[in-house]
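For reference, the structure is listed below as structure tokens.
The values are calculated or read from the model by the stated rules, or taken from the named source; none is laboratory data. Just so it is clear, the model here is predicted, and its values are computed rather than measured. Note that we place each Cβ from the backbone using ideal geometry, even for glycine, and neighbour counts take in every protein chain shown.
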Amino acid sequence: MRTFIRGARVAALTSPSIRFRSLEERVGLAAFTLLFLFALLQPLLAHEFKAGEIMIDHPWARATPAGAKVAGGFMVLKNMGPEPDRLVSVSSDFAGKAEIHEMAVDDKGVMTMRPLADGVDIPAGGEVELKPGSFHVMFMQITRPAVEGEKLKATLTFEKAGTVDVEFDVQAMGSGMGGHDHSGHGSNGG
Ligand SMILES: [Cu+2]
């Protein structure tokens, strides 16, 4: 502690701009600045979770309008291991049920989506991105809107890596690319 304070005094003497600030003030200011920056950058910061060899990178869901019955969930799944794995199911208190969907353009050029009963493959040493217009988690039978800024707790189950609790950051409705519109799901809940 002694050395630290002596060091701080030297710094104070050699740096005119901070001469009149106490150590406490400066530490407080630094902490405040960091907190402020963190709050500012938070929506952009990736967050990640891990299950065995699988890294789950930045799960996020799109905010939904009032009355919506479904919400899309997205993330990047990275497989650090030598064996292929697979995301087989998702569950969340937020949704009556959740499915893993694939969105693709069929041979008539129409965008369609279908549930993947076996889930989605994550190749050994590779990754798969769940993103708007492609693979996604479909939260169905939701009873309230997903509000921008909140975190939705969910549980992912992998064939080999097992289950892991994650949080989906809810981001603005316009997030992501493309116009993946789930309104067609709403009437029949799936
Ligand atoms: Cu879908």
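From the residues in segment 89-108 that are away from the ligand (no atom under 15 Å from the Cβ) and charged (D, E, K, R), which one is surrounded by the most Cβ atoms within 10 Å (Cβ to Cβ)? Result: 93.
Being modelled with pLDDT of 95 or more and surrounded by fewer than 14 Cβ atoms within 10 Å (Cβ to Cβ) is a description that does not apply to residue 120.
When segment 33-48 is filtered for residues that are assigned to a helix (DSSP H, G or I), closer than 26 Å to residue 167 by Cα and either at pLDDT 70 or above or of a type outside the set (Gly, Ala, Ser) (or both), the ones remaining, listed by number, are 34, 35, 36, 37, 38, 40, 41, 42, 43, 44. Of all residues in segment 155-174, those being touching a strand residue (DSSP E or B) at 6+ places or on another chain (Cβ under 7 Å) and assigned to a loop (DSSP other than H, G, I, E, B) number 4.
Filtering segment 71-87 for residues that are basic (Lys, Arg) and closer than 22 Å to residue 56 by Cα leaves a non-empty set. In segment 109-122, the residues that are within 13 Å of the ligand (Cβ to nearest atom) reach residues that are of a type in the set (D, E, K, R) with C-beta atoms within less than 6 angstrom, at least six apart or across chains, in these pairs: 112/106; 114/102; 115/99; 116/102. Among the residues of segment 124-154, how many are more than 15 Å from residue 91 (Cα to Cα) and assigned to a loop (DSSP other than H, G, I, E, B)? So the count comes out to 15. Given the criteria within 12 Å of the chain's Cα centre (by Cα) and touching a residue at least 60 places away in the same chain (Cβ under 8 Å), does residue 171 qualify? Yes: the conditions hold for residue 171. Taking into account only those residues within segment 123-145 that are more than 14 Å from the ligand (Cβ to nearest atom) and under 16 Å from residue 69 (Cα atoms), which is surrounded by the most Cβ atoms within 10 Å (Cβ to Cβ)? Of everything passing the filter in segment 123-145, 145 is surrounded by the most Cβ atoms within 10 Å (Cβ to Cβ).
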